[in-house]
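The values are calculated or read from the model by the stated rules, or taken from the named source; none is laboratory data. Because the structure is a prediction, the values reported are computed rather than measured. Cβ atoms come from the backbone with ideal geometry, glycine included; neighbour counts cover every protein chain shown.
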Amino acid sequence: MSLTHKQRMLMAVQGDLPDELPYAPRIDLWYNANAAAGTLPERHHGRTADEIVLAEGWALHKVVADHLRQPRADAMLHRALGVHFLKEYVAHFIFTERVKIDVLREGDRTRIRYTTAKGTINTSTVYSQEMRRSGTSVPWIEEHAVKTPDDINVLVSVFENMDVVPNYETFKTHEAQVAENGLPVTAFTVAAGPVHHIQKYFLDATEFFNYYRDHQTKLLRLADALSPLYEKALRIVAESPAEVIQWGSNFDDMLTFPPMFEKHFLPWIRKAKEVLSPKNIRVLCHTDGENNGLMDLLHGSGMDVAEAVCPAPMTKVSIQEYYRRWSDRITIFGGVPSNLLLPQLTPDEQFNSFMDGLFSGIGDGRRFILGIADTTPPDADFERLVRIGEMVREKGRLPLKAGAFNPVDTAAVAGVLAEKESAASALRDTRFAQIRQAVLDGREQDLIGEVQELLLKKTAPKDIIDQGMVAAMESLNESFKNGTVFIPEVLAAARAMNAAVLFLEPHLTEKEKHRGGKILIGTVKGDLHDIGKNMVATMLRGVGFNVTDLGINIGAELFAKKVAEERPQILGLSALLTTTMPEMGKVIEALKKAGLRNSVKVMVGGAPVNDRFAKDIGADGYGRDAAAAVEVAKVLSAESAHNSKISQK
Ligand code: B1M
């Protein structure tokens, strides 16, 4: 008799060899978007997501809670505090009567005021029709709880006035519904401990890095207020019926960068393992980001399952490398990057070659659950999911037999790792050594002091900028790319440089003031990712561009309107989702329609974007990362200046 889906997944999680490779594709986003648009495959019309999965013979993916279908109306009300009342969670954080809560609903927006004896904090979240249509199920935090360092004290008191209680009954019902069709995973937040909780919920994603650098003591005081709740929740999980708990999500070597991961996340993953392992409860982490710089830390963290593993060509680590480095103790869940399901990005032969490479690159198939990382995109070719299911049936018997090995095309990966020229010659001029060091350390006041001294010595302001500050930023960009410097340092350096350039402004000629040119930048419509875009904006400011950041979720018409008003030399577009990439093309069309295309250079970037796509949509430049974006912007700015000279002649 063959095993059930649940038995197979549990065996994979425990390191045993089931009869067949478990296959549990996550389809919630794809389902929500296509059900709303009436575009489900005909044979699945009228079915729920689970019914579709079961009809195809796959295992249910039950890691992420189903935020849209919850018994409690307030399930996601306190999202901005990371407090969720979800049926899948075996422990719930609850407020005591010492926290006064005022809720105000304004259309798609929910504003909440939390008051304790220490003061008040405000949050707001948005869940719009547009988000529903795109399949997103989680409200977006528009106003974060921490806007000033003082808010941290109030938050401390909110969490000191909270408790955690068991919630086993609804989990048991959920577990009974999943039955033998999948492995239900529980959680109580999706953070890997208190500091990660602060990062995920309380602060704007980019602002977190500034606070981590400038107000770390305060942040750690807040983490201390959260710790007893996390400790108690762990004890509650230990006594629960759950067999696997999700402990942290969106690990990524830039966001959860190695030193921070090691200091604040690792101890809590180990603690979770220590408390839960004796109870046979496994620890699963949602590792959907770029893990290249975290490989060894994650391997040594004690986690049992790395879920949503998203390999090359979407990230730098190949699936074969993941398996080789991790599978002695970590079960890999995922393995098929979501772009593989998009024929417009991945032709058939590349898809087949990837799948071949996967089947023959994961040893005997132990400790592996096949899935889509992170999730099936709304515009995926559903038949590719079906074909993966067929491949599992055809060649997924375990132990796997070594097949013909068709290695994945890793050219993109090699490109990502390629070195760029350094600013070494500028660094040799010792007059600017102190300036460069102050930039590198992000010491704003010291930097201004050094600038003042050089001005007194009659040093040309332009040299101070170019040979001092810009040279330092360029070398920092290199180190950032190499993974030896992390986001907080880069943001601090760029901030210090921005302040020093402002200080120098009265000493610059008109031409020098506008040396970088003007750039408008924004994330395209339907896309809420902004960390990368913010990094790019900060770096561009750092090297002297005048940057206006339009924010996220910006439609094509608004981009065109802003270009007409502000007349920038460059328009920068960022997109992190394959579903929102086409918006970039729409922006270019809108510029053409408004007769503005020839007056502005368009630069595009973001994880799924590549050079070919940029050319296809008619963009002028593509930046692979923030450092590359700076280089491209310099070239585009020079071209733009050249063109305007010609048109003036
Ligand atoms: Co999202 N997410 N996410 N996510 N998320 C990705 C992008 C994803 C690749 C994860 C995966 O599958 N492994 C995947 C997209 C898959 C695809 O489309 N094929 C994904 C998904 C599916 C989703 C949701 C749909 C999840 C869901 O609901 N089930 C949802 C969508 C929400 C929406 O936008 N409508 C969602 C939500 C979120 C969070 C809110 C949880 C959070 C975003 C927080 C925020 O930005 N404020 C988040 C995160 C953090 C990620 C990952 C893990 C990390 C992104 C990041 O910030 N990286 C990401 C995984 C990944 O990218 N591998 C993922 C660090 C940042 C510094 O790098 O943004 O790449 P990056 O920016 C780089 C370059 O790309 C470049 O320079 C930057 C600095 O070097 N660059 C430019 C960026 N913009 C540029 C512009 C330029 C030039 C260069 O010129 C103008």
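Of everything in segment 39-52, what is under 29 Å from the mean Cα position of the chain (by Cα) and over 15 Å from Asn181 (Cα atoms)? Give them in sequence order.
To start, the set of residues in segment 39-52 that are under 29 Å from the mean Cα position of the chain (by Cα) comprises 39-40, 48-50, 52.
Within segment 39-52, Thr39, Leu40 qualify.
Looking at this structure, is Ala37 within 16 Å of the ligand (Cβ to nearest atom) and within 23 Å of His196 (Cα to Cα)? Full working, then the answer.
Working: within 16 Å of the ligand (Cβ to nearest atom): yes; within 23 Å of His196 (Cα to Cα): no.
Judged against the criteria, Ala37 is not a match.
Matching residues to (1) touching a residue at least 60 places away in the same chain (Cβ under 8 Å); (2) in a strand (DSSP E or B):
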| position | (1), (2) |
| --- | --- |
| Pro313 | yes, no |
| Tyr322 | no, no |
| Gly334 | no, yes |
| Thr346 | no, no |
| Ser353 | no, no |
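So which residues in segment 592-606 are farther than 22 Å from Ala638 by Cβ and more than 9 Å from the ligand (Cβ to nearest atom)? Break it down into steps so the answer makes sense when it comes.
Initially, segment 592-606 is screened for residues farther than 22 Å from Ala638 by Cβ, giving 592-595, 606.
Of everything in segment 592-606, those that are farther than 22 Å from Ala638 by Cβ and more than 9 Å from the ligand (Cβ to nearest atom) turn out to be Lys592, Lys593, Ala594, Gly595.
Return yes or no: is Ala179 closer than 14 Å to Leu86 by Cβ and either modelled with pLDDT of 95 or more or not hydrophobic (A, V, I, L, M, F, W, C) (or both)?
On the way: closer than 14 Å to Leu86 by Cβ: no; either modelled with pLDDT of 95 or more or not hydrophobic (A, V, I, L, M, F, W, C) (or both): yes.
The answer is no for Ala179.
Checking Ile362 against (1) within 16 Å of the ligand (Cβ to nearest atom); (2) part of a loop (DSSP other than H, G, I, E, B): exactly one of these is not met. Which one?
(1)
In segment 289-308, what residues are closer than 26 Å to Ala238 by Cα and under 19 Å from the mean Cα position of the chain (by Cα)?
Taking segment 289-308 and keeping what is closer than 26 Å to Ala238 by Cα, we get 297-308.
Listed by number, the residues that qualify are Leu297, Leu298, Ala306, Glu307, Ala308.
Would you list the strands (runs of 3 or more DSSP E) that sit entirely within segment 117-172 and hold 2 or more residues that are closer than 30 Å to Arg69 by Cβ, touching a Phe, Trp or Tyr at 6+ places or on another chain (Cβ under 9 Å) and within 13 Å of the ligand (Cβ to nearest atom)?
On the way: elements: 119-126, 140-143, 162-166.
Output list reads 119-126, 140-143.
Of everything in segment 365-393, what is touching a strand residue (DSSP E or B) at 6+ places or on another chain (Cβ under 6 Å), within 14 Å of the ligand (Cβ to nearest atom) and within 15 Å of Tyr23 (Cβ to Cβ)? Give them in sequence order.
Gly371, Ile372, Ala373
Run Ser301 past the list (1) at pLDDT 95 or above; (2) within 11 Å of the ligand (Cβ to nearest atom) and report the number of the one that doesn't hold.
In the conditions (1) at pLDDT 95 or above; (2) within 11 Å of the ligand (Cβ to nearest atom), Ser301 misses (2) alone.
Hey, among Arg132, Arg111, which residue is in contact (Cβ under 8 Å) with a residue 12 or more places away in the chain, of a type in the set (Lys, Arg) and more than 17 Å from Leu203 (Cα to Cα)? Outline the logic, then answer.
On the way: Arg111 fails: more than 17 Å from Leu203 (Cα to Cα).
Going through Arg132, Arg111 in turn, just one is in contact (Cβ under 8 Å) with a residue 12 or more places away in the chain, of a type in the set (Lys, Arg) and more than 17 Å from Leu203 (Cα to Cα): Arg132.
Anything in segment 60-84 that is among the hydrophobic types (A, V, I, L, M, F, W, C) and part of a loop (DSSP other than H, G, I, E, B)? List them, or say none.
In the first step, residues of segment 60-84 are kept if they are among the hydrophobic types (A, V, I, L, M, F, W, C); the result is 60, 63-65, 68, 73, 75-77, 80-81, 83.
Matches in segment 60-84: Val63, Val64, Ala65, Leu68, Ala73, Ala75, Met76, Leu77.
Identify, by number, the condition in (1) loosely packed, with under 14 Cβ neighbours inside 10 Å; (2) closer than 30 Å to Arg329 by Cα that Glu20 doesn't meet.
It fails just one condition, (1).
Can you tell which of Ser277, Ser301 is among the hydroxyl-bearing types (Ser, Thr, Tyr) and farther than 21 Å from Gly483 by Cβ?
Just a single option satisfies the conditions, and that option is Ser277.
Which residues, taken from segment 587-614, are surrounded by fewer than 18 Cβ atoms within 10 Å (Cβ to Cβ) and more than 15 Å from Pro568 (Cβ to Cβ)?
Matches in segment 587-614: Glu589, Lys592, Lys593, Gly595, Asp611, Arg612.
Look through segment 555-577, keep the residues that are touching a Ser or Thr at 6+ places or on another chain (Cβ under 7 Å) and touching a residue at least 60 places away in the same chain (Cβ under 8 Å), and return whichever of them is surrounded by the fewest Cβ atoms within 10 Å (Cβ to Cβ).
Gln569
Of all residues in segment 544-554, which are surrounded by fewer than 24 Cβ atoms within 10 Å (Cβ to Cβ) and either within 14 Å of the ligand (Cβ to nearest atom) or assigned to a helix (DSSP H, G or I) (or both)?
Val547, Thr548, Asp549, Leu550, Gly551, Ile552, Asn553, Ile554
Among (1) surrounded by 23 or more Cβ atoms within 10 Å (Cβ to Cβ); (2) within 28 Å of Ser338 (Cβ to Cβ), there is one condition Asn250 misses while meeting the rest; what is its number?
Of (1) surrounded by 23 or more Cβ atoms within 10 Å (Cβ to Cβ); (2) within 28 Å of Ser338 (Cβ to Cβ), only one is false for Asn250: (1).
Tell me which residues, restricted to segment 554-611, are among the small types (Gly, Ala, Ser), farther than 12 Å from Val524 by Cβ and under 28 Å from the mean Cα position of the chain (by Cα). Spell out how you get there, then give the answer.
So the first thing to find is which residues in segment 554-611 are among the small types (Gly, Ala, Ser), and the list is 555-556, 560, 564, 572, 574-575, 585, 590, 594-595, 599, 605-607.
Restricting the remaining residues to those that are farther than 12 Å from Val524 by Cβ gives 560, 564, 594-595, 599, 607.
If the condition is that a residue be among the small types (Gly, Ala, Ser), farther than 12 Å from Val524 by Cβ and under 28 Å from the mean Cα position of the chain (by Cα), then Ala560, Ala607 are the ones that fit.
What tally of residues in segment 607-623 results from selecting those that are in contact with an Asp or Glu (Cβ under 8 Å, 6 or more places away or on another chain) and either within 8 Å of the ligand (Cβ to nearest atom) or in contact (Cβ under 8 Å) with a residue 60 or more places away in the chain (or both)?
Counting residues in segment 607-623 that are in contact with an Asp or Glu (Cβ under 8 Å, 6 or more places away or on another chain) and either within 8 Å of the ligand (Cβ to nearest atom) or in contact (Cβ under 8 Å) with a residue 60 or more places away in the chain (or both) gives 2.
Determine whether Asp150 is under 27 Å from Arg98 (Cβ atoms) and acidic (Asp, Glu). Talk me through it step by step, then tell me what you get.
Values: under 27 Å from Arg98 (Cβ atoms): yes; acidic (Asp, Glu): yes.
In short, yes.
Looking only at segment 1-23, count every residue that is farther than 23 Å from Gly302 by Cβ and small (Gly, Ala, Ser) and tell me the total.
Result for segment 1-23: 1.
Out of all the residues in segment 246-262, is one or more away from the ligand (no atom under 15 Å from the Cβ), over 30 Å from Lys6 (Cα atoms) and touching a Leu at 6+ places or on another chain (Cβ under 9 Å)? I'd like the intermediate steps shown before the answer.
Going through segment 246-262, the residues away from the ligand (no atom under 15 Å from the Cβ) turn out to be 247, 259, 262.
Next cut, over 30 Å from Lys6 (Cα atoms) only: 259, 262.
When the remaining residues are screened for being touching a Leu at 6+ places or on another chain (Cβ under 9 Å), the result is 262.
Yes, some residue in segment 246-262 is away from the ligand (no atom under 15 Å from the Cβ), over 30 Å from Lys6 (Cα atoms) and touching a Leu at 6+ places or on another chain (Cβ under 9 Å).
Among the residues of segment 558-591, count how many are part of a helix (DSSP H, G or I) and within 8 Å of the ligand (Cβ to nearest atom).
First, the residues of segment 558-591 that are part of a helix (DSSP H, G or I): 558-566, 582-591.
If we keep only those that are within 8 Å of the ligand (Cβ to nearest atom) too, we end up with none.
Counting residues in segment 558-591 that are part of a helix (DSSP H, G or I) and within 8 Å of the ligand (Cβ to nearest atom) gives 0.
Go through (1) in a helix (DSSP H, G or I); (2) over 26 Å from Gly365 (Cα atoms) one by one and return the number of the condition Leu40 breaks.
(1)
Evaluate the following for Gln445: is it polar (S, T, N, Q) and surrounded by 15 or more Cβ atoms within 10 Å (Cβ to Cβ)? Write out each step before concluding.
Values: polar (S, T, N, Q): yes; surrounded by 15 or more Cβ atoms within 10 Å (Cβ to Cβ): no.
Spelling it out, it is not the case that Gln445 is polar (S, T, N, Q) and surrounded by 15 or more Cβ atoms within 10 Å (Cβ to Cβ).
When you scan segment 268-290, do you find a residue that is within 16 Å of the ligand (Cβ to nearest atom) and part of a helix (DSSP H, G or I), even just one?
We begin by selecting, within segment 268-290, every residue within 16 Å of the ligand (Cβ to nearest atom); these are 284-290.
If we keep only those that are part of a helix (DSSP H, G or I) as well, we get none.
The answer is no, given that none of the residues of segment 268-290 is within 16 Å of the ligand (Cβ to nearest atom) and part of a helix (DSSP H, G or I).
Scan the helices (runs of 4 or more DSSP H) fully inside segment 459-540 and keep the ones with 1 or more residues being over 27 Å from Lys200 (Cα atoms) and either without any contact (Cβ under 8 Å) to a residue 12 or more places away in the chain or under 20 Å from the mean Cα position of the chain (by Cα) (or both). Steps first, please.
Values: elements: 471-482, 487-504, 510-513.
So the answer is 487-504, 510-513.
Looking only at residues in segment 173-204 that are part of a helix (DSSP H, G or I) and small (Gly, Ala, Ser), which one is surrounded by the fewest Cβ atoms within 10 Å (Cβ to Cβ)?
Initially, segment 173-204 is screened for residues part of a helix (DSSP H, G or I), giving 173-181, 194-202.
Still in the list and also small (Gly, Ala, Ser): 176, 179.
Values: Ala176: 9, Ala179: 12.
Top of the filtered list is Ala176.
Within segment 473-529, count every residue that is in contact with a strand residue (DSSP E or B) (Cβ under 7 Å, 6 or more places away or on another chain) and closer than 30 Å to Ser134 by Cβ.
Residues that pass the stated criteria total 9.
Return yes or no: is Lys525 closer than 19 Å to Val609 by Cα, basic (Lys, Arg) and within 9 Å of the ligand (Cβ to nearest atom)? Don't jump to the end; show me each part of the working.
Values: closer than 19 Å to Val609 by Cα: yes; basic (Lys, Arg): yes; within 9 Å of the ligand (Cβ to nearest atom): no.
Against the criterion (closer than 19 Å to Val609 by Cα, basic (Lys, Arg) and within 9 Å of the ligand (Cβ to nearest atom)), Lys525 does not qualify.
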